[in-house]
Amino acid sequence: MNTLEVVLERAKHLDEKEDLNRDFEVLLCHCLNKPRAWLYSHSKCFVTDLQEEKFFDLAVKRIRGIPVAYLIGRKEFWSLELEVDDNTLIPRPETELLIQWAIELNLPKNSKVLDLGTGSGAIALALASERSDLQILAVDFCEKALSVAQNNAIRLGLDRVSFLKSDWYASLPKTRYWDLIISNPPYVDTNSSIATDLDFEPAIALFSSDSGLAALRKIIFDSKDYLKPLGCLILEHGFDQALDVAKALEIAGYFEIQTKLDLAGLERATGGKRDAD
Ligand SMILES: C[S@@+](CC[C@H](N)C(=O)[O-])C[C@H]1O[C@@H](n2cnc3c(N)ncnc32)[C@H](O)[C@@H]1O
């Protein structure tokens, strides 16, 4: 049997090119079922052979490029710990900008919110955790992702959120029902050179044609049949897509169009208000 510090030291030598130390710590804690802080005060504790074997199995997978979130099956988003698997995008910190924006709208009590492309349920569940009065429907085209999102809702006690399989708006009644439509759709250009960094996440969650703008444009142009007059549409997009998204919103008749920056200072979300017609 080896101590924690010896096991971690050995893992470091598996791959000297990349600094994966933090990831190895997270993986070891996962195998020990302990929080990360525990590691620092228990570095001389022994790890069983079985725990060590499980850890090295995960460490090797990490070195092959599999993201930590998929290896441990969860990811923190907003204040929630979400279950994720390879059918769902790993929720990103930049998407929290959408949650902040939605909260700042101060929607009237019992407003109706539609989350398009919910994945693990990140946006819908974060909003539900902040505003228990909202009536939220979360939609995705991928049934397996929807089942992960539904499990998250139940585990987190946020099962007031409803889920529906739909190709964007296709399965929804064409009524101007929603006060807010919010979405982090796939927006990476299908021909993008960064694609190889995203090898382990589902293509349906990432890529879109038309320079990455096809899903964003579809959501914007069809929204008029679903959003209440003066309702809001908020969209996450690529750092270089804000102008195209703002233009599409303008053509679709939106006003008070704004773009907000993420924590890295990149233009990450654009939204506006639907006209009153
Ligand atoms: C970028 S991911 C966002 C996931 C989650 N909202 C988040 O922020 O972590 C986009 C999501 O859109 C879904 N999606 C892709 N095409 C869709 C379509 N035609 N209709 C509905 N959902 C779709 C994908 O399955 C994926 O879950």
Of (1) within 18 Å of the chain's Cα centre (by Cα); (2) outside any strand (DSSP E or B); (3) of a type in the set (F, W, Y); (4) more than 9 Å from the ligand (Cβ to nearest atom), W168 satisfies every one except (4)
Over the range 148-170, the set of residues out of contact with any helix residue (DSSP H, G or I) (no Cβ under 8 Å at 6 or more places or on another chain) and free of Cβ contacts under 8 Å to residues at least 12 places away in the same chain is I154, G157, A170
Filtering the range 128-150 down to residues that are of a type in the set (S, T, N, Q) and not in a helix (DSSP H, G or I) yields S132, Q135
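Do we find that L146 is more than 10 Å from the ligand (Cβ to nearest atom) and hydrophobic (A, V, I, L, M, F, W, C) in this structure?
The answer is no for L146.
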The number of residues in the range 85-112 that are within 13 Å of the ligand (Cβ to nearest atom) and closer than 19 Å to R160 by Cβ is 2
Query raised in the report: Do we have any residue at all in the range 103-126 that's part of a helix (DSSP H, G or I), surrounded by fewer than 16 Cβ atoms within 10 Å (Cβ to Cβ) and charged (D, E, K, R)?
Result: yes
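None of the figures in this text is laboratory data; all of them are computed from the coordinates on show. Note that the structure is a prediction, hence the values are computed from the model and not measured. Cβ coordinates were reconstructed from backbone atoms using ideal geometry, including for glycine residues, and neighbour counts include every protein chain displayed.
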